[in-house]
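First the structure, in the form of structure tokens, and then the observations on it.
The values are calculated or read from the model by the stated rules, or taken from the named source; none is laboratory data. Just so you know, these numbers come straight off a predicted model, no measurement behind them. With ideal geometry, Cβ positions are generated from the backbone for all residues, glycine too; neighbour counts draw on all protein chains shown.
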Amino acid sequence: MATATTAPHRGSARFVKGRTRPRLRVVHWAFAGPAAALFIVFFAYPLGASLYQSFTTDDGGTQTWAGLAQYRRMLHDPVFWKSLYNTGLLLIFQVPLMIGIALVLACVLNQSWLRFKGTWRIAFFLPSVTMLVAYAVVFRVLLKTDGGMVNQALGWFGVSPVDWLNNPVWARVSLIGTITWRWTGYNAVILLAGLQSIHREQYEAAAIDGAGAVTTFRKIVVPQLRPVILFCSITSTIGTLQLFDENFVLTKGGPDNATMTPVLYLYKVGFDQMDFSYASAIAWAVVLIIGVLSVIQFRFFGQSDKAASTARSERRRR
Amino acid sequence: MTLNPQHLRRGLVLLALAVGAFISVLPFYWMVVAATHSNDELFHSPPPFIPGGHFLSNIKSLESSVGFSRVMLNSLGIAVVYTLISGLISAMAGYGLAKYRFRGRGLLLALVLTTMMVPFQVLLVPLFQMMSNLGWVNSYQAVIVPFLANSFGIFLMRQAFLDFPDELIESARIDGSGDIRTFYRIVLPVVKPQLGALAIFTFMSQWNSFLWPLLMLDSQDKYTAPVALYTLVGGTHVDYSGLILGSFLATLPLMLIFFIFQKQFVSGLLGGAVKG
Amino acid sequence: MSMRTSRRSVLRAGIGALAVAVTGGCATGGGAKKPAKNLNAQAQVTGSITIWSWDVAAKALKRLAPAFEQQHPGVKVNVVDIGYDNAYDKITIGLKSGAGLPDVLQVEGQKMQSYIGTFPSGFYDLSTLAGPLKSQFNAAAWATGTDENGKVYALPWDIGPCGVFCRTDIFQQAGVDPGSIQTWDDYIAAGVQIKARTGKKLLVVDPTGDSTFPMLLQQEGQGYFVGGKIAVNTPAAVKAMTVMKELNDKGLVDYEKGWDALVSSNKDGNVATAPTAVWWSGTLTDEMPELKGKFSVIPLPAFTPGGVRTSNNGGSLLNISSQSKNSATAWAFIQFVLANSDNQVSMLKNEGIFPAFVPALSDPYITGPQDYYGGQTTFKTFADLAKDIAPVEYTGDYSKASDLVTTATSAVMQGGKDPKSTLDSTAQQIASATNRQIAQ
């Protein structure tokens, strides 16, 4: 091997910290190679195809170059803007609500006096492993206007039936509720693991100083848990920006597009309206938005970039 | 007997916890209820709230309508194969990205990053074309192969390996161990918790994955469980009790896996993510 | 050095070869909007065919396939139930990529029109073979399988003539005679009386997937498009939307989302009527056997006294995908299933599929009394109504228009917006999404 002799010390060239110029060597690629090949074939190519498609118009399978026409159309599309507005609402209300509840829940589950911890944990984690098809049916039964279980329960307290899925305002509330139901326990379990890495002595020291539960929470738990909270927040933010499942099964984006999100919209434009060019343009707008938000997050939380980058990678495919 | 304020506080916390758990589990309870009633009983309002007596007959009709045991086996096979191969590929790629510097490394990282930002739905058409050009439509590899490079897994493993001391690898090399042997013998065993967490995670997401298998699989004996269950939703007729029974049974394995491995799942996931 | 170059060029060649393999050298997909292939009638009926269908329709095909296979030795018919909810995802992606589709596809009428408009080359042109059958099929159903020039792409399967299913016990309790309802004004007046006397609402509307407004519009003989122009804000459309608004304003609408809620609201008698298509009857007999004898069917109320008293909701067709390699057998099977009175009637009996094949409608099973409806000749009522269904225009942009109209409907009904101005702005939105003109 000619390359082996040019490198004075075999090891130094390969480590990240090494000073030698990087070069193409089989063993370096051996590990990343399969993943790289798969990414190029099954991701980079479709990605390029979709980017190209976003600059075309599509008429019965014939694509014609159209420059920025689809992007211009997007700027004047009220449904697209409404979907962004809805996403903004979710980011402002749903994500903090869920992370807040998850944090409190994690603290409770971390109490030393609590028994049957495993059972509690699985009770709260369960919603995140539900199959989507069941999710749809069960929540429609629960949220049905006339005779739905939630309305019946409210009826016991003299509350008149609420139109959970058909009124634009309540449909948003239902969406927030169901997303929270599905993902709170999941986040709580992750936060719990973070809590368990905080040393007992710190709590004890706080207790000796006479700190109450709230003070301990504010002064010890939150600062120590910052990276984990950040991890959960970023995961949830990205999940929200790509929200599809919940509103797809629950409301199909209605009523009056009150629960429409960009990804559900691009799916409808592509598959219902068969306009894949416009759908691609919307997708790339979503990519751009996530990209910009990522940069902002990196600026703000630069020191915790490890949490951020892992969080960004964690999302489910359906 | 005096009321101890600490006990009172704990009691209140327990009560709140129980209410929360009740809300969390209520839909599952109702799944059990629905799974044991016949379809027309479910349409009453209020819907039934105690389990009924149709469990066995529902199972029988589920088996005959969608071949439930067959599609569960399909799901299991696909999820296991996917989990094993993509786990290995993620570990290798994570190691490569963490410990080697090579040409194109930055590009690969960028590619991994973009994967995460792109809504999967937009890739469907080109990917579908690709699968049909390869002649893979209606095959299991079409469900498995395109997503073997799992960006989440690669990142998780890369973070795990970044913490791995270079000295250990170096000393293995001095002992004459080759790169690949070092990887299997020395490096992999150390990141077992992360690998385990990753395996649980990928298994769960593959198990529940719906849209891609739906587009790829064209014969009912190859369907995965979610795809098969969706055929119970018709235009003018929906078999709700079958649907709910099926999805309840299909969720059970995931519950079991989480219950058994929950400690590893969480610590492994976090080990790579936020520690260090 | 030389080693590296050669390795790299090998790599490049390899990637190139791989690229050709995966992209098939056809990165843009689809191909030009070329005319549909003509069906070759001469070929032998042999070999195997695959059909995508769903629900009871798939069951019917599976039931009929063995008889066909017996008639044609060496033929194998594969019926795949692809589920209803996501069937069009599968079909659309197959049409879009020009690959992956089976021989025969079940598609609903309005969706068939979208497909013909967007992917005309995705299907076989059946004009030569199916043309002679035209007179035997319901005219409105036939129109959903043809393009604006009368070219035939699909053979109609079933049809959904509309009427009003009335809960006789609730009507009785309220002192209203269903038979006295002649117009939509009568219907609303009846609803008000029923609500006052029994507290029950009149009908269920799903605001995210409403089918009542298009039903009313078709009753007036119009679709969302007329002559290729957008027609969602014509006087007829405004009239239909005004009926919807009045139903809401009088508090007669039970808003429910999804099929399950629709069924249970009717089963529990929360509503007194269901203005919908004949296939609703199958739901009644399957899910509400205990309500036997409590329903009667009247024709749809008219907009003006003596006006048309029906419309259409639903109905599928069977077409042959241009990707089929065995179109002759596919056509033979379609003909066997659809253009055959015995098979059509057996599908109504067993699966509740109401035939678009006119000769089947004179079968005694259809003209005779129905046990579930206390001996009324319900199917005959629908069979008679079916003749009056007005064919309407859908165009390839139906899906786009439909989404926007649904939004308009919920804006008018629940948002309290004015029908005329809302539909005007909906027409504008459709215009900018489709580049079509608005009809004047």
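Can you name every one of the helices (runs of 4 or more DSSP H) wholly within region C:362-440 that holds 3 or more residues which are closer than 30 Å to A:M274 by Cβ and within 14 Å of another protein chain (Cβ to nearest Cβ)?
On the way: elements: C:364-367, C:378-386, C:398-413, C:419-434.
In region C:362-440, C:398-413, C:419-434 are the helices (runs of 4 or more DSSP H) which contain 3 or more residues that are closer than 30 Å to A:M274 by Cβ and within 14 Å of another protein chain (Cβ to nearest Cβ).
Quick check on region A:31-49. Is at least one of its residues within 11 Å of chain C (Cβ to nearest Cβ) and more than 30 Å from B:V145 (Cα to Cα)? No, there is no match, as no residue in region A:31-49 is within 11 Å of chain C (Cβ to nearest Cβ) and more than 30 Å from B:V145 (Cα to Cα). For region B:86-103, the tally of residues that are surrounded by fewer than 24 Cβ atoms within 10 Å (Cβ to Cβ) and more than 7 Å from every other protein chain (Cβ to nearest Cβ) stands at 3.
Can you tell me which of B:V66, B:V80, B:V71, B:V33 is farther than 28 Å from A:M149 by Cα, hydrophobic (A, V, I, L, M, F, W, C) and touching a Gly at 6+ places or on another chain (Cβ under 8 Å)? So that I can check it myself, show each step before the final result.
On the way: B:V80 fails: touching a Gly at 6+ places or on another chain (Cβ under 8 Å); B:V71 fails: touching a Gly at 6+ places or on another chain (Cβ under 8 Å); B:V33 fails: farther than 28 Å from A:M149 by Cα.
Exactly one residue qualifies, and that residue is B:V66.
Among the helices (runs of 4 or more DSSP H) contained in region B:159-276, which hold 3 or more residues that are among the hydrophobic types (A, V, I, L, M, F, W, C) and in contact (Cβ under 8 Å) with a residue 60 or more places away in the chain? Of the helices (runs of 4 or more DSSP H) lying wholly inside region B:159-276, those with at least 3 residues that are among the hydrophobic types (A, V, I, L, M, F, W, C) and in contact (Cβ under 8 Å) with a residue 60 or more places away in the chain span B:192-208, B:211-216, B:225-230, B:240-273. State which residue is surrounded by the most Cβ atoms within 10 Å (Cβ to Cβ) when the search covers only region A:254-268 and only residues that are at the interface with chain C (Cβ under 10 Å from one of its Cβ atoms) and either free of Cβ contacts under 8 Å to residues at least 60 places away in the same chain or of a type in the set (S, T, N, Q) (or both). Residue satisfying both the conditions and the ranking: A:T259.
Quick grid of which residues meet (1) modelled with pLDDT under 85; (2) farther than 21 Å from C:E290 by Cβ; (3) of a type in the set (V, I, T); (4) not in a loop (DSSP other than H, G, I, E, B):
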position: B:L14; (1), (2), (3), (4): no, yes, no, yes
position: B:V25; (1), (2), (3), (4): no, yes, yes, yes
position: B:F49; (1), (2), (3), (4): yes, no, no, no
position: B:S61; (1), (2), (3), (4): no, no, no, yes
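As a summary of the residue check, A:A171 satisfies the conditions (1) in contact with a helix residue (DSSP H, G or I) (Cβ under 7 Å, 6 or more places away or on another chain); (2) at the interface with another protein chain (Cβ under 10 Å from one of its Cβ atoms); (3) of a type outside the set (K, R) except for the one numbered (1). If you go through region C:169-210 and keep only what is part of a loop (DSSP other than H, G, I, E, B) and within 21 Å of C:K292 (Cα to Cα), you end up with C:G175, C:V176, C:D177, C:K200, C:L202.
The set of residues from region B:178-215 being within 13 Å of chain A (Cβ to nearest Cβ) and among the aliphatic types (A, V, I, L, M) comprises B:I180, B:V187, B:L188, B:A197, B:L198, B:I200, B:M204, B:L211, B:L214, B:L215.
Selection of region A:178-202 for residues being over 15 Å from the mean Cα position of the chain (by Cα) and surrounded by fewer than 21 Cβ atoms within 10 Å (Cβ to Cβ) yields A:L195, A:Q196, A:S197, A:I198, A:H199, A:R200, A:E201, A:Q202.
For region C:88-112, give me each residue that is in a helix (DSSP H, G or I), at the interface with chain B (Cβ under 7 Å from one of its Cβ atoms) and small (G, A, S). Let's see the steps before the verdict.
First, pick out the residues of region C:88-112 that are in a helix (DSSP H, G or I): C:88-97, C:109-112.
In the following step, the residues that additionally are at the interface with chain B (Cβ under 7 Å from one of its Cβ atoms) were identified as C:89-90, C:93, C:96-97.
Matches in region C:88-112: C:S97 only.
Could you tell me whether any residue of region A:206-218 is without any contact (Cβ under 8 Å) to a residue 24 or more places away in the chain and within 30 Å of A:T87 (Cβ to Cβ)? Looking through region A:206-218, none of the residues is without any contact (Cβ under 8 Å) to a residue 24 or more places away in the chain and within 30 Å of A:T87 (Cβ to Cβ).
Let's see how each residue does on (1) facing chain B (nearest Cβ under 8 Å); (2) surrounded by 19 or more Cβ atoms within 10 Å (Cβ to Cβ); (3) not in a helix (DSSP H, G or I):
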residue	(1), (2), (3)
A:W81	no, no, no
A:L84	no, no, no
A:G88	no, no, no
A:I92	no, no, no
A:M98	no, yes, no
A:R115	no, no, yes
A:G118	yes, no, no
A:R121	yes, yes, no
A:F125	yes, yes, no
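Can you tell me which residue among A:R200, A:R182 is in contact (Cβ under 8 Å) with a residue 12 or more places away in the chain and not aliphatic (A, V, I, L, M)? Show your work before the answer.
Values: A:R200 fails: in contact (Cβ under 8 Å) with a residue 12 or more places away in the chain.
Answer to the check: A:R182.
Selection of region C:389-424 for residues being at pLDDT 95 or above and either touching a Cys at 6+ places or on another chain (Cβ under 7 Å) or farther than 17 Å from C:L216 by Cβ (or both) yields C:D418, C:S421, C:D424. The lone criterion from (1) more than 28 Å from C:T276 (Cα to Cα); (2) within 14 Å of another protein chain (Cβ to nearest Cβ); (3) at pLDDT below 95 left unmet by C:P73 is number (2).
Which ranges mark the helices (runs of 4 or more DSSP H) fully within region B:65-149 that have 1 or more residues being more than 24 Å from the chain's Cα centre (by Cα)? Give the derivation first.
On the way: elements: B:68-99, B:105-117, B:124-133, B:140-144.
Hits in region B:65-149: B:68-99, B:105-117, B:124-133.
Pairs are defined by a Cβ separation below 9 Å, a sequence spacing of at least 6 or placement on different chains, a first member in region C:321-340 that is in the same structural domain as C:D125 (by TED's automatic domain parsing), and a second member that is modelled with pLDDT under 95 and basic (K, R); the pairs so defined are C:S322/C:K37; C:S327/C:K37.
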